[in-house]
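Here, each number is a calculation from the coordinates, and none is a lab measurement. It should be emphasised that the depicted structure is a prediction, and the values quoted were computed from it without experimental measurement. Glycine gets a Cβ as well: all are built from the backbone with ideal geometry, and neighbour counts include every protein chain shown.
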Amino acid sequence: MDDLLVIIPTRGRPDSIPAILQAWTDTRATADLLFAVDEDDPHLDAYLAHSRASDEEHVRWRIGPRLRLCGTLNAAAAEVARQYRFLAFMGDDHRPRSTSWDARFRECLSGGTGIVYGNDLLMGEQMPTAVAMTSDIVRALGYFSPPALVHLCLDLCWLDWGRGMGRITYLPDVIIEHLHPAAGKAALDQGYEDCNSTERVSADAAAYYAYRDGGGLQTDVAKLQALVKETG
């Protein structure tokens with residue numbers, strides 16, 4: 001077992017699995033990989049076929065109730081936070097491109113509590129659409145991202161946490177490409193339409209501002225600052 005686990009919540013896109021596994025091979029990554037799949041996914045059989053066909057020891061599967069992206073990520077992270085030193089998130093439309101990107105992440109996080117992200121070729125330094133952090137953050141807060149969120153604004157919270165504790169690193173030369181329709185790298189499908197609808201944008205934005213301005217962020221950053229003092 002590796003000391004870094006990358007959690008990928010995925011729904012409706014079983015065809016992304018071989019490409020993600022190939023990206024691991026191409027970049028010589030050794031990080032463990034967990035695909036978190038909804039038990040009601042219309043394409044569950046295709047996901048299960050991929051799981052049966054995969055014999056890599058570093059690849060794990062989680063089949064569970066549909067909790068949406070943030071809920072699934074939080075549930076999976078809470079289950080493994082004591083097994084791994086580092087935890088990471090990628091979407092099923094992210095592809096690592098830089099050789100040994102995971103080694104760079106470990107190097108940045110090995111000094112103590114912190115967050116690191118690479119260049120997604122879309123938002124760059126502005127937003128960690130894929131992110132890694134020390135697992136003590138998840139254990140201290142009880143989640144990988146504030147549970148009031150559903151799909152959007154998670155990356156804004158990770159920025160807030162990292163800046164609040166003074167422990168966030170951006171690696172511009174570590175490419176974790178985001179194959180998103182906004183970059184012209186994917187076609188709109190039902191998943192993109194649902195998570196970027198006017199209703200979802202408004203709801204997640206409101207939840208984020210309530211968290212940021214209503215005391216939630218302040219409470220979480222205080223916990224993280226205490227962790228930083230403990231880890232040096």
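Being among the aliphatic types (A, V, I, L, M) and in contact with a strand residue (DSSP E or B) (Cβ under 8 Å, 6 or more places away or on another chain) is a description that applies to VAL59.
Cβ-Cβ contacts under 7 Å between residues 6 or more apart (or on different chains), taken from a first residue in segment 75-95 that is closer than 22 Å to GLY191 by Cα and in contact (Cβ under 8 Å) with a residue 24 or more places away in the chain to a second residue that is of a type in the set (Phe, Trp, Tyr) and not in a loop (DSSP other than H, G, I, E, B), are listed as ALA88/PHE105.
The requirement of being more than 27 Å from PRO172 (Cβ to Cβ) and in a strand (DSSP E or B) is not satisfied by ARG52. Residue count for segment 28-73 under the criterion of being touching a Pro at 6+ places or on another chain (Cβ under 7 Å), surrounded by fewer than 17 Cβ atoms within 10 Å (Cβ to Cβ) and closer than 18 Å to PHE86 by Cα: the result is 0.
Residues of segment 159-193 that are more than 30 Å from THR219 (Cβ to Cβ), among the acidic types (Asp, Glu) and either buried (at least 18 other Cβ atoms within 10 Å of the Cβ) or touching a residue at least 24 places away in the same chain (Cβ under 8 Å) (or both): ASP173, GLU177, ASP189.
Pick from LEU33, LEU21, LEU69: which is among the aliphatic types (A, V, I, L, M), within 22 Å of GLU177 (Cβ to Cβ) and not in a helix (DSSP H, G or I)? Going through LEU33, LEU21, LEU69 in turn, the sole match is LEU33.
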